[in-house]
Amino acid sequence: MNVAENIKKIRLQKGINQDVISDALGVDVSVISNIENGKRELKVKELEIIAKCLQEDVLYLLTFPERYIPASEIYPKEDEPVEAILQIKLRKDKKEQVLKLVFGKNDLEILNK
């Protein structure tokens, strides 16, 4: 993982020139060039400012090209109900057979509700 390379790639993809970042950091454009080429270390505060200029999270600059997605956005909480809708079109002669397979003998109870 090379953060400096990631910054350069993201900047170029977005069509943002080094002047924008250098202005935000209050440094000369040559400093940005040195950062992107690995000739100068990047400070955490600078990383935050660069992320803001690129309209990205700091984490994305670290994980590029992958995007970090919090588990809470992927998996529902255990106590949250999960809604699932299942629609199956069956011939009448297969309906009862499938209902017994899916619901066991409780299918009559479910159908009456």
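The values are calculated or read from the model by the stated rules, or taken from the named source; none is laboratory data. Bear in mind that the values here come from a model prediction, so they are computed numbers and not experimental data. Positions of Cβ are backbone-derived with ideal geometry, glycine not excepted, and every protein chain shown enters the neighbour counts. All accessible areas refer to the heavy atoms of the entire protein, side chains included, with ligands and DNA or RNA removed. Shrake-Rupley method; radii C 1.70, N 1.55, O 1.52, S 1.80 Å.
Note on segment 34-64: residues that are free of Cβ contacts under 8 Å to residues at least 24 places away in the same chain and either open to solvent by 90 Å² or more (accessible area, probe 1.4 Å) or not in a loop (DSSP other than H, G, I, E, B) (or both) amount to 12.
Within segment 21-28, is even one residue modelled with pLDDT under 95 and of a type in the set (S, T, N, Q)?
Taking segment 21-28 and keeping what is modelled with pLDDT under 95, we get none.
No; the residues of segment 21-28 include none that is modelled with pLDDT under 95 and of a type in the set (S, T, N, Q).
Taken over segment 73-93, the residue count meeting the criterion of being assigned to a loop (DSSP other than H, G, I, E, B) and open to solvent by less than 100 Å² (accessible area, probe 1.4 Å) is 5. For segment 10-33, the condition of being open to solvent by 30 Å² or more (accessible area, probe 1.4 Å), in a helix (DSSP H, G or I), touching a residue at least 24 places away in the same chain (Cβ under 8 Å) and among the basic types (Lys, Arg) holds for at least one residue. A search for C-beta distances below 9 Å between a residue of segment 68-89 that is under 24 Å from Val102 (Cβ atoms) and any residue that is of a type outside the set (A, V, I, L, M, F, W, C) and part of a loop (DSSP other than H, G, I, E, B), counting only pairs 6+ apart in sequence or on different chains, returns Val82/Pro76.
Here's the yes/no breakdown for (1) of a type in the set (A, V, I, L, M); (2) within 30 Å of Val31 (Cα to Cα):
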{"residue": "Ile49", "(1), (2)": "yes, yes"}
{"residue": "Leu62", "(1), (2)": "yes, yes"}
{"residue": "Leu86", "(1), (2)": "yes, no"}
{"residue": "Glu96", "(1), (2)": "no, no"}
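Among the residues examined, Leu101 qualifies as open to solvent by 100 Å² or more (accessible area, probe 1.4 Å), hydrophobic (A, V, I, L, M, F, W, C) and more than 18 Å from the chain's Cα centre (by Cα). With the structure loaded, tell me whether Arg67 is under 19 Å from Gln13 (Cα atoms) and assigned to a loop (DSSP other than H, G, I, E, B) or whether it fails that test. Judged against the criteria, Arg67 is a match.
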